[in-house]
Amino acid sequence: AAGVIQSPRHLIKEKRETATLKCYPIPRHDTVYWYQQGPGQDPQFLISFYEKMQSDKGSIPDRFSAQQFSDYHSELNMSSLELGDSALYFCASSEGQGTTYEQYFGPGTRLTVT
Amino acid sequence: AQSVAQPEDQVNVAEGNPLTVKCTYSVSGNPYLFWYVQYPNRGLQFLLKYITGDNLVKGSYGFEAEFNKSQTSFHLKKPSALVSDSALYFCAVRVPPGRRALTFGSGTRLQVQP
């Protein structure tokens, strides 16, 4: 079965640089979520989109922005990177109007800021 | 605000013995509860969910969980542990009709010894 695809899998950036993370949801899933998992931490919700509109906002810094495109893929744009942004970034997808409720997670993008 | 607590950082069990990973929740309303497993350098894999109905839910890989409303708990169980079950387990909650994003517990590392 198709899964959530995230690219790149690993990314190394320097402080103050920008980064773009991409997420391709499971086919027919119309809702995308972004989570950040710091070292030894639980995943923290950043932002979500349903049918290309922002549906919810969590603890996403103002330096970050995201959007969902017409093909339902999503991109998380991160600017003015800080050392503390080093983390594993997960994308998850779900059926917004379906009854399955669970979110399916991608393998994550490991971002290292040096 | 909704929260999830996983009181044990680590659970050790011998292969073949039953295992329990504990989770309690604090929400206003009727929760949707989930268990996810995370293997090293991998994304979170969905194990099982409680939405409504039977308090005992069965999931992937022989895992099950019991929803206990009076004790606000949703403990994960398996009758006979395998070494391959060793991983990081997260309990998560969301409370409809509000935010669809998940709130995770701090995670419990399960170590199954041969």
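For residue A:65, are the conditions met, namely being in contact with a strand residue (DSSP E or B) (Cβ under 8 Å, 6 or more places away or on another chain), under 27 Å from residue B:1 (Cβ atoms) and more than 13 Å from chain B (Cβ to nearest Cβ)? Judged against the criteria, residue A:65 is a match.
Just need a number here: residues in region B:9-43 that are within 14 Å of chain A (Cβ to nearest Cβ) and either charged (D, E, K, R) or surrounded by fewer than 20 Cβ atoms within 10 Å (Cβ to Cβ) (or both). Summing the residues that are within 14 Å of chain A (Cβ to nearest Cβ) and either charged (D, E, K, R) or surrounded by fewer than 20 Cβ atoms within 10 Å (Cβ to Cβ) (or both) in region B:9-43 gives 8. For region B:16-57, the candidate set comprises residues that are assigned to a loop (DSSP other than H, G, I, E, B), in contact (Cβ under 8 Å) with a residue 40 or more places away in the chain and among the small types (Gly, Ala, Ser); within that set, the residue that is farthest from residue A:43 (Cα to Cα) is B:16.
Per the listing B:60, B:84, B:70, the residue uniquely free of Cβ contacts under 8 Å to residues at least 40 places away in the same chain, touching a helix residue (DSSP H, G or I) at 6+ places or on another chain (Cβ under 9 Å) and among the small types (Gly, Ala, Ser) is B:84.
Scanning region A:34-72 for residues that are under 23 Å from residue B:107 (Cα atoms) and either touching a Cys at 6+ places or on another chain (Cβ under 9 Å) or of a type in the set (Ser, Thr, Tyr) (or both) yields a total of 4. Inclusion of residue A:101 among residues that are over 21 Å from residue B:4 (Cβ atoms) and open to solvent by 30 Å² or more (accessible area, probe 1.4 Å) is not warranted.
Restricting attention to region B:81-96, does a residue exist that is farther than 22 Å from residue A:105 by Cα, more than 12 Å from chain A (Cβ to nearest Cβ) and part of a loop (DSSP other than H, G, I, E, B)? Checking region B:81-96: at least one residue is farther than 22 Å from residue A:105 by Cα, more than 12 Å from chain A (Cβ to nearest Cβ) and part of a loop (DSSP other than H, G, I, E, B).
Looking across A:36, A:41, A:54, one residue alone is within 14 Å of the chain's Cα centre (by Cα) and surrounded by fewer than 20 Cβ atoms within 10 Å (Cβ to Cβ). It is A:54. One residue alone among B:50, B:61 is of a type outside the set (A, V, I, L, M, F, W, C), open to solvent by 80 Å² or more (accessible area, probe 1.4 Å) and at pLDDT below 95, and that residue is B:61.
Checked against (1) of a type in the set (Val, Ile, Thr); (2) under 20 Å from residue A:104 (Cα atoms); (3) open to solvent by less than 20 Å² (accessible area, probe 1.4 Å), residue B:103 meets all criteria but (3).
When residue B:4 is tested against the conditions (1) more than 14 Å from the chain's Cα centre (by Cα); (2) closer than 30 Å to residue A:25 by Cα, the lone failure is (1).
May I ask you to say which residue of A:60, A:12, A:26 is more than 10 Å from chain B (Cβ to nearest Cβ), more than 20 Å from residue B:90 (Cα to Cα), touching a Leu at 6+ places or on another chain (Cβ under 7 Å) and of a type in the set (Val, Ile, Thr)?
A:60
The values are calculated or read from the model by the stated rules, or taken from the named source; none is laboratory data. Note that this is a predicted model, so its numbers are computed, not measured. In this analysis, Cβ positions are derived from the backbone assuming ideal geometry, glycine residues included, and neighbour counts consider all displayed protein chains. To get the accessible areas, we keep the full protein, side chains included, count just its heavy atoms, and leave off ligands, DNA and RNA. Shrake-Rupley method; radii C 1.70, N 1.55, O 1.52, S 1.80 Å.
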